[in-house]
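Student: Below you will find the structure I want to go over with you.
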Amino acid sequence: DLLGYLLSVASLILFFLAVRMVKYGLTEETDILSRYMWYSYYVAQCLIPPTILLLSLSLERKNGRPLGRGWYAVYLPALVLLCLLYTNDLHGWAFALRFEDGGLSYTHGPVFYLAMVWEIGVTALSLGVLTVRCSISACRKKGWIPVCTLAVCAVFTLLCFVFDPPAFKQPELLCLTCIAVLESCIAIGLIPSNAGYGGFIDRSVCP
């Protein structure tokens, strides 16, 4: 289960970056398709947090049993948000679109901010669950490290969102945040991983 969840997160990150590449490389001159590529950014943004939450819930389970299917209901809010995002052209609740002088401008609506709260809230909850469920006290004491990592990345991403510097764009920053948080959890032992590969190689007998 752990490997499956991590692979799912990695696949969603790759999907996010691929959609961004398609949007700016192939569909920029096609208004409708480009707009739906933009909406597709939120597939990864909405689905990665609950996947990390399921990952955290699957650790330290008694008897090593997988999570019950009922836990997958955690995806339902994400699916509702995605439906609202993909139908934005009909209601404008996520982005209020304005077509002026052949260009597109927009302002953010309540669904956009709700999606942001969902992403940050579920990710923070996942870190809390990871820390509480970890059976190694030394790792639990370091639980502040991924929390601080998330906070620093979130503040930096917010500043880039407000000031829009050309060197940093939101998709890359969000993917970097996800990777940094997971790597920090692995580094301190909240997410178990193998180590000592160098020692295995040194002790192996070459034929």
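The values are calculated or read from the model by the stated rules, or taken from the named source; none is laboratory data. Note that the structure is a prediction, hence the values are computed from the model and not measured. FYI the Cβ positions are ideal-geometry reconstructions off the backbone, even for glycines, and counts take in every protein chain you see. Each accessible area value is taken on the protein alone, full model and side chains, heavy atoms only, with ligands, DNA and RNA left out. Shrake-Rupley method; radii C 1.70, N 1.55, O 1.52, S 1.80 Å.
Student: Would you pick out the residues in the stretch 78-107 that are among the β-branched types (Val, Ile, Thr) and part of a helix (DSSP H, G or I)?
Tutor: Of everything in the stretch 78-107, just one residue is among the β-branched types (Val, Ile, Thr) and part of a helix (DSSP H, G or I), namely Val80.
Student: Among the listed residues Thr131, Thr177, Thr123, identify the single one that is assigned to a helix (DSSP H, G or I), of a type in the set (S, T, N, Q), at pLDDT below 90 and in contact with a helix residue (DSSP H, G or I) (Cβ under 8 Å, 6 or more places away or on another chain).
Tutor: Thr131
Student: Here is a follow-up. Looking only at the stretch 91-121, count every residue that is surrounded by 14 or more Cβ atoms within 10 Å (Cβ to Cβ) and acidic (Asp, Glu) and tell me the total.
Tutor: 1
Student: I would also like to ask the following. Can you pull out every residue in the stretch 64-90 that is open to solvent by 40 Å² or more (accessible area, probe 1.4 Å) and touching a residue at least 60 places away in the same chain (Cβ under 8 Å)? So that I can check it myself, show each step before the final result.
Tutor: To start, the set of residues in the stretch 64-90 that are open to solvent by 40 Å² or more (accessible area, probe 1.4 Å) comprises 64-66, 69-73, 75-77, 79-80, 83-84, 86-87, 89-90.
Residue satisfying the conditions is Pro66 alone.
Student: Starting from the stretch 1-20, keep only residues that are within 12 Å of Tyr42 (Cα to Cα), then list their pairs with residues that are β-branched (Val, Ile, Thr) whose Cβ atoms are within a distance under 6 Å, requiring at least 6 positions of separation or different chains.
Tutor: Partner pairs satisfying both residue conditions: Leu12/Ile48.
Student: Taking the stretch 141-157 on its own, how many of its residues are touching a residue at least 40 places away in the same chain (Cβ under 8 Å) and open to solvent by 30 Å² or more (accessible area, probe 1.4 Å)? Show your work before the answer.
Tutor: At the first step, the residues of the stretch 141-157 found to be touching a residue at least 40 places away in the same chain (Cβ under 8 Å) are 142-143, 145-146.
Narrowing further to those that are open to solvent by 30 Å² or more (accessible area, probe 1.4 Å): 142, 145.
Of the residues in the stretch 141-157, 2 are touching a residue at least 40 places away in the same chain (Cβ under 8 Å) and open to solvent by 30 Å² or more (accessible area, probe 1.4 Å).
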